[in-house]
Every structure is written in structure tokens, then in C-alpha cells.
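Encoded as C-alpha cells, the structure appears first; notes follow it.
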Amino acid sequence: MYTKDFEPYTYPLNRNPRNNFNIKNKSKWFINNNSNILIKPKSKNKKNSTKWRRMLNDYSQNTTLHGLRYAGNNELSASERCFWIISFGLAVITAVYFIFNLFHKWQDMPVIISLSPKATKLTSIPFPAITICNMNNARKSVARNILETSSKLESNIDRRLLSDFCDEDPLSIDSTIDNYTGDWESLKKFMIRVSQPCHEMIVSCLWANNPKVCSELFNPSLTDEGICCSFNKVKPDYIYRNPRDLTDLNITFPNPSANWTPENGYPPNTPAEYTPWRPWGAGNHLGLTLVLDAEIEEYYCSSEVSYGFKVMLHSPVENPKISSFGSLISPGRETSLEIHPTVGMATPTLDEIEKEKRQCVYSAEKRLRFYKTYTQRNCILECEANFTLTFCQCVMYYMPKDSFSRICGKKDEECSNKAKLAIELRYSSPLSNISQLLNGTYLPNCTCLPGCHWIGYNKVHSSSPLANSYKIKQTFLAGRTSTYFKKNMAVIHFFFEETQFTGFTKGELFGFTEFLSNTGGLLGLFMGFSFLSAIEVIYFISLRLWCAMSNKKKITDRKQSK
């Protein structure tokens, strides 16, 4: 019952203050008509945080990631949810740790050298280039003729060069020759004059058990041991970039030559008679047999402390360094050199890796100044020539050079030896030792990495003394006695031991595909993560959120329209 003094509320108290909020009112605060209480509206940040919280809760309830659905389950106790949150966090940290190690391996160790899965046929590679040098630097008859010749400028130059080659001074030399710097033409004439010709050194040749004219197989070549004889080298046009501008021997090759390189191999449809020749097969009867004459009585000065020859096997596109890597062959003995090739190839995906990481160079990546084909040996020899020219203002006669470079003489020997030693020790000695060796002179950054495609020839050396009844010696005695033959001659057999061999393949150890698959495996192991799990994240933060907001807006519009 109501009294007269009491009147009921005309408008009941509305507990939702937002219903009393005038949308048109832009005031930050408003007054509730019934309670006269100042009420502050909820901020948009709280609305957004609520939306994101709902979205995260929805994602954790429906995600396929292991353990995360328990962390977002509101029906579990706080301790249980905390347990699953910690477990999921530890799983994420562990997965990230192993993925980081995987990424480090991908970046720092991307290359592997493995055995080739297929055997390489012997006929697919060239027979090695063979360079043979007589240890005799000057023939005695020619040296005596130079020393006994009357005093002339040309004779004095030869006498100075003879003393340089034999590391001794003649008794009397014109004082004007002491400052002789040496030009290439004079040096070339002297070397041709004092060296043993190839047709006299190589008496007999058998190629695949067929007699051959040795002058058609061997050509004179310029080495650090003087003028030697080389077999199976390609033409200078295929070795040097500009052979006409270089100071080298003028040689005419009787046989046609192919543009073979370790990287590209033989051009298609190359005839078998083109050099570099390919081996016929394995065995002594399918190799190269040579009979050499040392002419011991003609020794005036030897490059070693013995008599005989130096032999080196090398790539057909390289110039050998006989003094450092040549094998000694003694006269009066029959020697067998079994050849074991080593061939390296690169997979097509290797060029996508930085060369500092793969540690090899393609021919197109580094252009040499003198040599057309990039090999590590050619690069080192060219680097040595360039540094010697800078350090000593001259180059050694056997180095690649142009016609304007001065040839180092006896007075430059100490300087050139330092330059040579500095290049050889660059990668094996501390830089401080090299700087001390060069008296503080700057050593250029000459990086010569191995080629990504390479070929090498290892050999197994064996020999035995020649017998008096050597069965083929009558073929090439040519007036020589049996005693002379056993003292001066050497018989050498070069042959392969196997018809097939296993090469090496340099490939990608850890590419992007392997990195991606291993990363996915780690994420799947620790978290149950997959590609579709990433799609889930994108779905919840884009399409599902947009759909939820659109549906809410439609509901709001419907209510307002009513």
C-alpha cells in the first residue's frame, strides 16, 4: 500500500549505464538520469584486448599444436594450465635451439665431397701431359765453345747467361756485361743452343704398342728447368689468352688440338686423333713407352746432384713446375709409372653457393690475365709472376709475361727467391713471417682456390736395372754400344692400371630443401607443428577474425533496426 507522501519510481533504475549513453554526446563523461552518478564509458583498447583475448582463447581451443589446447582450456585448474604453458614454452625453446644449430650448419658447412655414384670410363679423360727434362743445364761441348770464343758482345752475353744457369762465374767477363739485365730473345737463343734437343733426348716412342715418330709426339716447352719436352699438351692458343703477346717458344704443333678443359671436357664429336689424346685402355701395352738418352758425357752442370731426367705428369692445360714436383728417373734402368687419375666434378646446384663457402672456383668466376683456363696451378703461377714483377721489377724466364717485362738475372736471384717463397708460404705461414721475409712489402691478396672441376694424375713408381739382353735395344742403338746403352739410356713405361675409376663429386650437403625438411621435422617432433599449423595461425588472425567482426556487426545492425 502506498501513502500519499510516497510516489513510486516512474523510471526503474537501469543497471546497464550504456543504455543511458547518448551516442551523439561526445562528452567523455555522462550523468545517469536515475542515479546522478558520473560513469566513464569503456575504452576501445579494452574492447580490442577483449577481442584478442577471445581470439587467442578460441585459437588455443582449436589448434592442432600439441599441448596448447590444454593451456587454453578454461575447465582445467590454474595449476594444470600453468603446467601446460611451461611445457609448451620449453618445447618451443628446445626446437628453436636445434633449428639455430641447423641454420648454422646450413650456412657454414654447405658442401660435401663424395665418391661419384657412377664409375668413370678411362676413355673419357685425356692421357696426362708428360714433361721430361734432362738434369743437364748445358751441354759440355756448347759450354766450352762459349767460354773459348773470342771476346764479342754476343759471346759475353752467352757467358754471363751460362754462369747464371750453372751458378758459377767465368774467369773473365766484360765489365759492361755485369749490368746486363737480359732480354728474352738473347735468353731464348742461348737456351736453345745449350739445351739437349728433344729428338736427341727421346730416342724411341711407342704409343699403344705402335711405333711413332717422337718429334710428332713431343714439343719443346719452357719450364723452370729450362727447355724440356712435353707430350699431350694442348696448343698455346688454348692455354694462353693472348699467346702472340707472350714471350714463349715459337712452336708449331703437327697434330690438331681440341679445346679441352677440366670443366667442359672435350667438345662434342672430337676426333680421336686430336690432342690431348685419350688412353686406349689399361695396361703397359696400351700406354706410352719411351727410350731416353741422358748423354752423361755431355754434362757440364746439373740442376741436381745426380744424372738423369725429371718427369712430371700434369693437366694438358697447365705449365708444370719441374724443379719442385718432378720425379727423378735414373739412366740404366727400366721404370714403370702406373697412373692413377683423380677427377673431381661439381653438381649443378653448387654454383648457387658462395665461393667462399664452397671453396672452389668456376672458370667463368675468375679471369686470369695470361691463362685462358682457370686451374689452381695456373692461378698460383700467374700470381707468382705478377708479384715478382712488382717486388723485383723483373720476372723469371719461365713465368707468363709480356714482351715488355725484364727477365730476372743473377743479381735478381735473391729477390725472386723471396717472392717465390712468399707466394708458396702464403697459406701455410703466419703473415708476420711473410712480412719479415719481404721487409714489410705488401703481399697482394692472391687467392687461388681449387677449380670446381679438376683432374690430377697420381703415379706409382717402380724400376729395375737394364739387362744386357734387352730385347728391343737393337732397334734404337743407332751405333751406340751396349755399354753406352746401359750407362746413358732409360726406358720408361706410362700406363693406367684400371679401365674404370671412381671420381669425386662436390655437391651441396645442405640445401634449402634439406634445411626446410629438417626444420619441419624438429617442429613436428617438439610441437606437432606442420605447414597446416601455419595456415591455422593465418586463418585465426585474418579470416576468422574478420568473419566474427562481420557477424557481430550484422547482429548489432539488426538490433538497432528493431
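Quick notes
- Each label point was placed 7 Å from the Cα along the Cα-to-Cβ direction; for Phe98 and Leu532 their separation is 2.2 nm.
- For segment 376-392, putting each phi into the Karplus relation 6.51 cos²θ - 1.76 cosθ + 1.60 with θ = phi - 60° gives couplings of 4, 5, 5, 5, 5, 5, 5, 5, 5, 5, 5, 6, 4, 5, 6, 7, 10 Hz, in residue order, rounded to whole numbers and with x for Gly and Pro.
- For segment 111-127 and segment 295-360, distance of Cα centres in Å: 20 Å
- Pairwise FRET efficiency - Lys105 versus Ser542, Cβ, R0 = 30 Å, nearest 0.05: 0.30
- Rg and Dmax of segment 97-139, based on Cα coordinates, read 23.3, 72 Å.
- Close amide H partners of Phe496, meaning residues 5 or more places away or on another chain with modelled amide H under 5 Å apart, are Gly283, Ile339.
- Applying 0.36 nm per residue to the separation of Asp237 and Thr513 and subtracting their alpha-carbon distance, the gain on full extension is 95.1 nm.
- A Förster radius of 51 Å, combined with the Cβ-Cβ distance separating Ser306 from Glu356, puts the computed FRET efficiency at roughly 0.70.
- R0 of 56 Å, Cβ-Cβ distance Val213-Glu365: FRET efficiency to nearest 0.05: 0.85
- For segment 284-383, applying the loop criterion from DSSP together with a ceiling of 16 other beta carbons within 10 Å to the trypsin sites (Lys or Arg not before Pro) yields Lys366, Arg367, Arg369.
- Gyration tensor (alpha-carbon) shape descriptor, segment 269-369, a/c threshold 1.5: prolate
- Volume per residue of the C-alpha convex hull in segment 67-152, rounded to whole Å³: 291 Å³
- Under the combined filter of DSSP loop state and at most 11 neighbouring Cβ atoms within 10 Å, segment 351-407 retains these GluC sites (Glu not before Pro): Glu354.
- Rounded, prolate or oblate (a/c below 1.5 giving rounded, otherwise prolate when a/b exceeds b/c) for segment 280-436 by Cα gyration tensor: oblate
- Built amide H within the under 5 Å cut-off of Lys401, gap 5+: Thr247
- Taking a sphere under 11 Å around the Cβ of Glu200 and counting the other residues whose Cβ falls inside, with K and R at +1 and D and E at -1, yields a net charge of -2.
- Residue-span extension gain [Phe404 to Ser124] - 0.36 nm each, minus C-alpha spacing: 96.7 nm
- Taking 12 Å as the straight-line reach from the Cα of Lys372, the aspartates and glutamates in range (excluding those fewer than 8 positions away in the same chain) are Asp237, Glu318, Glu382.
- Global form of segment 186-247, assessed from the alpha-carbon gyration tensor, a/c cut-off 1.5: oblate
- Pairs spanning more than 28 Å between alpha-carbon atoms, out of Lys233/Lys357; Lys189/Lys366; Lys140/Lys459; Lys366/Lys411; Lys188/Lys411: Lys233/Lys357; Lys189/Lys366; Lys140/Lys459; Lys366/Lys411.
Any read-out appearing in this document is the output of simple, stated calculations on the displayed coordinates, not a laboratory observation. Just so it is clear, the structure is predicted and the values come from calculations on it, not from any experiment. Counting neighbours? That spans all protein chains shown, and the Cβs are built from the backbone with ideal geometry, glycine included.
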